[in-house]
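Read through the structure below, which is laid out as structure tokens, and then see the notes.
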Amino acid sequence: MSRTPTEPPARGIEALPGDLMMWVLIVSELLVFGAGLLAFMGVRLTDPAGFAEAQSHLDRTGAGLNTMILVTSGWLAARAVAAAESADTARTRALLAGAAALGVAFLWIKWLDYAAKGAAGITFETHPFFTFYYLLTGFHAVHVVAGIVILGLVAIRPRAPTVEVGAMFWHMVDLVWVLLFPIIYLLGAGA
Amino acid sequence: MSITRAWAVLMALSLASTAIAWSGAGGVWAALAILTLAWGKAQVILNRYLRLSQAPDISRGVALVLGLFMAGVMGLAVAGG
């Protein structure tokens, strides 16, 4: 909504950028992942040595690379919002395609990680660590798939409000990963 | 902070947390350092990528909840050694 120079700046919920319902979704998703990560940390207390041993089977290099990929993808999505606000359709589409392509790269690396675990006979039931690992990273991967679909859909008719909503979902996926990655992959790695 | 600068900060923080893990540094201090870096990354994504800095009241509330979550995770990390 445009404001006249005499209007006071928006405060509270009126100042919230983007779509309110997307913020409701983002907060809901963060609460779900946050509860999962706190439960993981709580259960870890019951068997620190077992969790550390199980964690040693993870591919930290691939996960670290995936962090760089998602952060860069988020940067492209944020730049797509700016391009859409400038009504630069071609640039918006190119940036959204770049963000989605990096999402596919993330999923490919994640798939290699899952395939390696499967080949090693590591399943949901191998250890409670892996129950949380598959649940949390799998649920996150599903959100990456959804995010790629959403970025593709908003690229069809890239108007600024829809691009912003799509990018917000993508940033939520990014935000969850930057919290999930250190807790699942890095904590206790040097122990 | 521009979007590109936010991206550079996120990359630097990600590299730093991975470097701490790869250095072999273990124990509580390494865990707290890694979690502090994750906290910083989350704040950058919220304020710059998601543009929450445009809504200072909401941003403060979200920062408080995120701080409580990180304090909980840090407390559990310390308890776990």
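Annotation: of all residues in segment A:147-161 being surrounded by fewer than 21 Cβ atoms within 10 Å (Cβ to Cβ) and touching a residue at least 24 places away in the same chain (Cβ under 8 Å), the one that is nearest to B:Ala19 (Cα to Cα) is A:Gly152.
Scanning segment A:120-127 turns up no residue that is assigned to a helix (DSSP H, G or I) and more than 10 Å from chain B (Cβ to nearest Cβ). Looking across segment A:134-184, the residues that are closer than 15 Å to A:Val71 by Cβ, of a type outside the set (A, V, I, L, M, F, W, C) and at the interface with chain B (Cβ under 10 Å from one of its Cβ atoms) come down to A:His171, A:Asp174, A:Pro182. Of all residue pairs spaced 6 or more apart or on separate chains, those with beta-carbon atoms under 8 Å, a first member in segment B:1-20 that is more than 8 Å from chain A (Cβ to nearest Cβ) and a second member that is outside any helix (DSSP H, G or I) and exposed (fewer than 14 other Cβ atoms within 10 Å of the Cβ) are B:Val9/B:Met1. Being free of Cβ contacts under 8 Å to residues at least 12 places away in the same chain, buried (at least 20 other Cβ atoms within 10 Å of the Cβ) and either of a type in the set (D, E, K, R) or not in a helix (DSSP H, G or I) (or both) is the filter here; which residues of segment B:42-81 pass it? Correct list: B:Leu50, B:Arg51, B:Ala55.
Exactly one residue among A:Gly74, A:Gly62, A:Gly103 is within 12 Å of chain B (Cβ to nearest Cβ), farther than 19 Å from B:Val44 by Cβ and touching a residue at least 24 places away in the same chain (Cβ under 8 Å), and that residue is A:Gly62. For segment B:36-46, the tally of residues that are of a type in the set (Gly, Ala, Ser) and more than 9 Å from chain A (Cβ to nearest Cβ) stands at 1. Considering the conditions (1) within 10 Å of chain B (Cβ to nearest Cβ); (2) modelled with pLDDT of 95 or more, A:Ile109 is excluded by exactly one of them, (1).
Reported count of residues in segment B:47-81, each being within 14 Å of the chain's Cα centre (by Cα) and more than 7 Å from chain A (Cβ to nearest Cβ), is 12.
Looking at segment A:1-102, none of the helices (runs of 4 or more DSSP H) lying wholly inside it contains 3 or more residues that are in contact with a Cys (Cβ under 8 Å, 6 or more places away or on another chain) and more than 29 Å from B:Thr4 (Cβ to Cβ). Quick check: is even one residue across segment B:25-32 surrounded by 14 or more Cβ atoms within 10 Å (Cβ to Cβ), under 16 Å from A:Gly34 (Cβ atoms) and at pLDDT below 95? Within segment B:25-32 (the criterion being surrounded by 14 or more Cβ atoms within 10 Å (Cβ to Cβ), under 16 Å from A:Gly34 (Cβ atoms) and at pLDDT below 95), the answer is no, since none of the residues qualifies. Looking across segment B:21-35, just one residue is touching a residue at least 24 places away in the same chain (Cβ under 8 Å), more than 7 Å from every other protein chain (Cβ to nearest Cβ) and under 13 Å from the mean Cα position of the chain (by Cα), and that is B:Leu32.
The values are calculated or read from the model by the stated rules, or taken from the named source; none is laboratory data. Only a predicted model underlies this, so the values are computations on that prediction, with no experimental measurement involved. Ideal geometry is used to build each Cβ from the backbone, glycine not excepted, and the neighbour counts take in all protein chains shown.
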